[in-house]
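Below is one structure, written out as structure tokens; comments come after it.
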Amino acid sequence: MILQIIFILVIAIIIGFFINFAFIDGVFQAPFADAFITFCENVLQLDYYAAQNAYNVLFQQNKPLWLTIGFILLLLVIFYIALSRFTRYFHQISTSISMLSDESDQEIRLPDELDFLEKKLNDVKNKLEKRARDAQEAEQRKNDLVVYLAHDIKTPLTSIIGYLSLLDEAKDMPVEQKEKYVTITLEKSYRLEHLINEFFEITRFNLQSIILEKDWIPLKYMLMQVADEFYPLLAPKGQKAIVLMDGDIKIYADGNKLARVFNNILKNAIAYSDPNSTIEISVKSENNQTLISFMNTGKTIPPEKLKMIFEKFYRLDSARSTQTGGAGLGLAISNEIVEAHGGTITATSSNEKTIFTVMIPSDS
């Protein structure tokens, strides 16, 4: 645009000098003077000498004035052209921004001079559309999950009410049968408590911001404690979890929240590991980073599912109902906690080996 304005200015100067020397002093002087004198004689009713004198006074003696007027008019024309061009650009940019706010499906188009801005606006448009789709999908998954949970709550609640009614009505029920009913009722109550906690988990995830309370943590002791706490879940399937770590590594982090991350990953590994398999928890420190890996043996996770595994309310196995699975928040919450520490959490799966790796900066 600047080059175009400079070019127009140069042309204006050339035209100005051409007008001055051609029409006032140059080759077109005589025809121009004759035309002016004729106009004065026919229209203004002046005699030839008066018309010639008027020409000399107006043009010959005021050449700088006419040159200045010509330049001013040319500059006004140039300014009008440039302003019109800029106004058109602003209008097109404004229209493009309106398309962004209106979530239009059309691709943004701008002149070639604004190609860089067109690319950026289209990038923003694509990112906003992706975020909107992701938010809509997450909201739909959450709504579906709430419906499933609400439906599943009715099942244990109905059983609890039914068995308690039997106990209340049959006062002389045999002790063995009474104990059986009480045991079933207690199991159903635990299940009901678990489902209610799922509701609270969804609410906390949507409303709670992650606030870290950091301290130096002996990582080996923490991981061994986490593995020991999961023995009741490991033993029935003949599984075990081992910690592979040379020496001890301390990291500056929020111990309670980081323990929640490790619990969620280990619980997921147990659920999808083969019976009688070993879950390996390994730790290494490199490049001022601490890497904690959880490797389990089981069915390979498809790449398309692996990409979504850390999304809110995504459940790896859609066939698992809320009776056997959680709300699909464990890994999403883990991802939020790790990112709050300035780290990353990734997952890979191949040849029936799945590895979750948590990276925490050593001085986080």
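The values are calculated or read from the model by the stated rules, or taken from the named source; none is laboratory data. In this text, all values refer to a predicted model and were calculated from it rather than measured experimentally. Every residue, glycine as well, gets a Cβ built from its backbone with ideal geometry; the counts of neighbours run over all protein chains shown. Accessible surface areas use protein heavy atoms only, side chains included; no ligands, DNA or RNA. Shrake-Rupley method; radii C 1.70, N 1.55, O 1.52, S 1.80 Å.
Ranked by the mean number of other Cβ atoms within 10 Å of their residues, highest first, the peptides 301-307, 338-344 fall in the order 338-344, 301-307.
Y163 sits with roughly 60 Å² accessible to a 1.4 Å probe, with DNA, RNA and ligands left out of the calculation. Size descriptors for region 225-276 (Cα atoms only): Rg and Dmax, in that order, 12.4, 35 Å.
Suppose R0 equals 25 Å. What FRET efficiency, 1/(1 + (r/R0)^6) with r the Cβ-Cβ distance, do T300 and R260 give to the nearest 0.05?
Working: r = 27 Å, r/R0 = 1.07.
For T300 and R260, the calculated efficiency is 0.40.
Would you list R191, R260, R109, R88 from the most to the least accessible area, probe 1.4 Å?
Values: R191 40, R260 85, R109 160, R88 110 Å².
Ranking R191, R260, R109, R88 by accessible area, largest first, yields R109, R88, R260, R191.
For region 210-259, chymotrypsin sites (Phe, Trp or Tyr not before Pro) meeting the loop criterion (DSSP other than H, G, I, E, B) and having at most 12 other Cβ atoms within 10 Å: none. Of all lysines in the structure, those lying under 30 Å Cα to Cα from K220, and not within fewer than 8 positions of it along the same chain, are K237, K240, K250, K257, K267, K284, K299, K307, K312, K353.
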